[in-house]
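Worksheet: the structure to be examined is printed underneath.
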Amino acid sequence: MRVHFHGAAGEVTGSMHLVEAAGKRVLLDCGMRQGSAEMEAGNVDPFPFDVASLDALVLSHAHIDHIGRVPLLVKRGFRGPIFAQQATADLMPIMLLDSASLAESDAARFNRRRTHGEVEQQPLYTKDEVSDAMALVRALPYDARQPIVPGIEIAFRDAGHILGSSIVELWADGRKLVFSGDLGPTGTPILRDPTPIRDADLVLMESTYGDRDHKDRAETIVELGGILEQAWRDGGNVLIPAFAVGRSQELLYWFAKYWDEWDMSRWQVFLDSPMAGKVVQAYGRHHDLFDDEARRVWRDAPNPFKLPNLHITASTEESMAINRVQRGAIVIAGSGMANGGRILHHLRNNLGRREAHVVFVGYQGAGTIGRRLVDGARWIRIHGRDIRVNATMHTVGGLSAHADQRGLLAWFGHFDPKPALALVHGEDKAREALAGEIGERHGIEVVLARPGMTLDA
């Protein structure tokens with residue numbers, strides 16, 4: 001068994017790893033690179049392998065940095081089966097159709113403005129090409145080991161990151177590979193904890209937060225309630241850049257759970273994302289994947305997805321109307337790193353207001369507007385305009401959907417004996433810190449995966 005690393009190997013987006021085993025070629029994830037304009041421009045580049053030679057594609061979960069190039073893979077010649085957990089398969093068309101819509105809009109905007117001599121831009125893929133890709137998807141339940149191609153078997157285990165997120169176990173050539181996908185922290189609301197895995201010959205493990213521990217979740221929730229109270233006193237709005245899958249649903253969960261304590265009825269809550277609205281519906285179809293605490297909240301509090309003051313805005317006109325609200329609005333909108341989407345319009349209208357508050361509840365990648373705001377930028381350029389940053393910034397790290405260093409160490413600690421380990425999906429600072437901790441504790445040499453690197457299991 002041999003693994004070729006092609007993406008999310010020294011960075012946190014663009015997950016893509018090729019496994020050669022049993023005379024077959026199986027791709028793990030096919031994600032989009034996200035971040036700076038330069039990084040995202042690379043999504044159109046040729047794949048670093050013969051697409052038509054792939055026998056199967058296995059997806060860990062439905063975030064765009066793990067599935068965002070799947071339609072492009074099919075467009076360029078892939079015809080094999082695509083395996084995903086059932087809830088992931090349910091979320092995929094929502095995510096990919098939104099991605100296609102953005103790509104088509106961006107291409108049309110460029111072509112309207114292109115000057116003489118500039119080549120007409122084509123979208124990365126279209127909505128029709130998303131449909132072509134979805135026709136290849138085969139949905140599998142958790143915890144069912146089964147063959148995907150001759151000589152290779154897989155099983156999906158709950159990763160606790162977002163709905164349907166999976167740890168992939170892969171057996172071939174008498175060896176076992178475990179790909180963590182993205183691991184959630186223990187105690188994440190709504191979802192179950194990541195499944196411990198006991199045995200493997202080689203582990204590919206994410207390392208997004210390999211160099212730090214999150215704030216205590218209980219303390220974080222107190223902090224979030226305090227931010228909302230401060231924002232109400234200041235008389236402004238609260239903007240929360242959040243991914244449509246996972247973080248948006250979790251925020252609604254907390255608003256429901258602390259409905260009375262936080263006096264949530266005084267706010268107008270806007271989920272400004274057609275995609276997030278569809279994701280909410282998908283979550284509602286998979287109650288069987290919720291943890292026990294979530295079931296209690298659904299029973300004893302306002303339904304988080306049907307709060308009486310919740311407005312799920314679909315149209316552009318509805319989104320624009322939010323900007324007429326001068327105070328008392330909580331706006332949850334994508335993207336989570338503020339590198340695109342509707343949140344930019346709300347930032348443009350609120351960053352200059354001293355009474356406004358911006359709450360970051362997830363990882364902010366290098367080169368994104370979110371990272372620059374978190375790092376204290378006083379001016380931000382949005383849609384060609386320079387905006388002075390007068391609003392108050394908050395980073396609420398305890399709401400991360402990724403396991404922290406403590407959680408990653410604990411998850412790897414279940415393996416006995418300790419397998420070979422390669423760290424993926426992390427910037428070098430985080431990976432080096434995690435590799436050092438694991439090496440010291442377990443006496444193993446940890447590999448830091450790089451694009452183009454190969455590793456034998």
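The values are calculated or read from the model by the stated rules, or taken from the named source; none is laboratory data. Remember, predicted model here, so these are calculated numbers, not experimental data. Cβ: placed from backbone, ideal geometry, glycine included. Neighbour counts: every protein chain shown.
Output the residues belonging to the stretch 1-21 that are of a type in the set (Gly, Ala, Ser) and buried (at least 20 other Cβ atoms within 10 Å of the Cβ).
Applying the first criterion (of a type in the set (Gly, Ala, Ser)) to the stretch 1-21 yields 7-10, 14-15, 21.
The answer is Gly7, Ala8, Ala9, Gly14, Ser15, Ala21.
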- Which numbered condition Gly336 misses (of (1) surrounded by 20 or more Cβ atoms within 10 Å (Cβ to Cβ); (2) at pLDDT 90 or above; (3) among the small types (Gly, Ala, Ser)): (2)
- Query: How many residues does the stretch 432-441 contain that are crowded, with 16+ Cβ neighbours inside 10 Å and out of contact with any Asp or Glu (no Cβ under 8 Å at 6 or more places or on another chain)?
  - Reply: 3
- Item | Matching residues, the stretch 44-69, being in contact (Cβ under 8 Å) with a residue 60 or more places away in the chain and surrounded by fewer than 17 Cβ atoms within 10 Å (Cβ to Cβ) | Val44, Pro48
- Any idea which residue in the stretch 159-179 is surrounded by the fewest Cβ atoms within 10 Å (Cβ to Cβ), counting only those that are of a type outside the set (A, V, I, L, M, F, W, C) and more than 20 Å from Phe290 (Cα to Cα)? Gly174
- Query: Considering only residues of the stretch 252-296 that are of a type outside the set (Asp, Glu), modelled with pLDDT of 95 or more and exposed (fewer than 15 other Cβ atoms within 10 Å of the Cβ), which is nearest to Asn309 (Cα to Cα)?
  - Reply: Ser265
- Note on the structure: Checked the stretch 429-449 for anything more than 22 Å from Pro185 (Cβ to Cβ) and either among the acidic types (Asp, Glu) or more than 21 Å from the chain's Cα centre (by Cα) (or both); matches are Gly439, Glu440, Gly443, Ile444, Glu445, Val447, Leu448
- Query: Say we look at the stretch 377-406 and pick out the residues that are farther than 22 Å from His345 by Cβ and out of contact with any strand residue (DSSP E or B) (no Cβ under 8 Å at 6 or more places or on another chain); which of these is modelled with the highest pLDDT?
  - Reply: Arg406
- Could you list all residues from the stretch 233-288 that are among the small types (Gly, Ala, Ser) and touching a residue at least 60 places away in the same chain (Cβ under 8 Å)? Gly235, Gly236, Ala242, Ala244, Gly246, Ser248, Ser273, Ala282
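Just name the residue that is modelled with the highest pLDDT out of those in the stretch 103-138 that are hydrophobic (A, V, I, L, M, F, W, C) and surrounded by fewer than 16 Cβ atoms within 10 Å (Cβ to Cβ).
Of the stretch 103-138, the ones hydrophobic (A, V, I, L, M, F, W, C) are 103, 107-108, 110, 119, 124, 130, 133-137.
Subsequent filtering for residues that are surrounded by fewer than 16 Cβ atoms within 10 Å (Cβ to Cβ) retains 108, 110, 119, 135.
Working: Ala108: 89, Phe110: 85, Val119: 88, Ala135: 98.
Filtering the stretch 103-138 for residues that are hydrophobic (A, V, I, L, M, F, W, C) and surrounded by fewer than 16 Cβ atoms within 10 Å (Cβ to Cβ), the one modelled with the highest pLDDT comes out as Ala135.
What number of residues within the stretch 396-421 satisfy the criterion of being part of a strand (DSSP E or B) and either among the aliphatic types (A, V, I, L, M) or surrounded by fewer than 16 Cβ atoms within 10 Å (Cβ to Cβ) (or both)?
Within the stretch 396-421, the subset part of a strand (DSSP E or B) is 404, 420-421.
If we keep only those that are either among the aliphatic types (A, V, I, L, M) or surrounded by fewer than 16 Cβ atoms within 10 Å (Cβ to Cβ) (or both) too, we end up with 420-421.
Final tally of qualifying residues: 2.
Condition first: assigned to a strand (DSSP E or B), in contact with a Pro (Cβ under 8 Å, 6 or more places away or on another chain) and in the same structural domain as Phe83 (by TED's automatic domain parsing). Can you find one or more residues in the stretch 24-31 that meet it? Reasoning before the result, please.
Step one: filter the stretch 24-31 for residues assigned to a strand (DSSP E or B), giving 24-28.
Pick out the ones that are also in contact with a Pro (Cβ under 8 Å, 6 or more places away or on another chain) and you get 24.
From what's left, in the same structural domain as Phe83 (by TED's automatic domain parsing): 24.
Yes: one or more hits.
Tell me whether the stretch 95-102 contains one or more residues that are in a loop (DSSP other than H, G, I, E, B) and either in contact (Cβ under 8 Å) with a residue 12 or more places away in the chain or surrounded by fewer than 22 Cβ atoms within 10 Å (Cβ to Cβ) (or both). Explain how you work it out, then say what you get.
As a first pass, look at the stretch 95-102 and keep what is in a loop (DSSP other than H, G, I, E, B): none.
Scanning the stretch 95-102, I find no residue that is in a loop (DSSP other than H, G, I, E, B) and either in contact (Cβ under 8 Å) with a residue 12 or more places away in the chain or surrounded by fewer than 22 Cβ atoms within 10 Å (Cβ to Cβ) (or both), so the answer is no.
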- Message: Need the failing condition index for Thr88 against (1) part of a loop (DSSP other than H, G, I, E, B); (2) among the polar types (S, T, N, Q); (3) within 19 Å of Ile167 (Cα to Cα), just the number.
- Response: (1)
- Would the stretch 125-144 turn up any residue that is outside the structural domain of Phe243 (by TED's automatic domain parsing), more than 25 Å from the chain's Cα centre (by Cα), among the charged types (D, E, K, R) and part of a loop (DSSP other than H, G, I, E, B)? no
- Note on the structure: The condition from (1) over 20 Å from Gly365 (Cα atoms); (2) of a type in the set (S, T, N, Q); (3) in contact (Cβ under 8 Å) with a residue 24 or more places away in the chain that Ser335 misses is numbered (1)
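From Gln364, Gln405, grab the single residue that is under 19 Å from Val447 (Cα atoms) and touching a Gly at 6+ places or on another chain (Cβ under 6 Å). Explain how you work it out, then say what you get.
Working: Gln364 fails: under 19 Å from Val447 (Cα atoms).
None of the other options fit; the residue is Gln405.
Taking the conditions exactly as written (of a type outside the set (S, T, N, Q), surrounded by fewer than 22 Cβ atoms within 10 Å (Cβ to Cβ), in contact with an Asp or Glu (Cβ under 8 Å, 6 or more places away or on another chain) and not assigned by TED's automatic domain parsing to the domain that holds Asn237), does Glu427 satisfy them or not?
Details: of a type outside the set (S, T, N, Q): yes; surrounded by fewer than 22 Cβ atoms within 10 Å (Cβ to Cβ): yes; in contact with an Asp or Glu (Cβ under 8 Å, 6 or more places away or on another chain): yes; not assigned by TED's automatic domain parsing to the domain that holds Asn237: yes.
Here the answer is yes, as Glu427 does meet what is asked.
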- Task: Give the residue, chosen from Arg372, Arg327, Arg348, that is under 22 Å from Met275 (Cβ atoms) and either at pLDDT 95 or above or assigned to a helix (DSSP H, G or I) (or both).
- Result: Arg348
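Any chance the stretch 357-369 includes a residue that's among the aliphatic types (A, V, I, L, M), more than 20 Å from Ser165 (Cβ to Cβ) and touching a helix residue (DSSP H, G or I) at 6+ places or on another chain (Cβ under 7 Å)? Write out each step before concluding.
If we filter the stretch 357-369 for residues that are among the aliphatic types (A, V, I, L, M), which is where we start, we get 358-359, 361, 366, 369.
With the extra rule that they be more than 20 Å from Ser165 (Cβ to Cβ), the set shrinks to 358-359, 366, 369.
Applying the additional criterion that residues be touching a helix residue (DSSP H, G or I) at 6+ places or on another chain (Cβ under 7 Å) yields 358-359.
Among the residues of the stretch 357-369, at least one is among the aliphatic types (A, V, I, L, M), more than 20 Å from Ser165 (Cβ to Cβ) and touching a helix residue (DSSP H, G or I) at 6+ places or on another chain (Cβ under 7 Å), which makes the answer yes.
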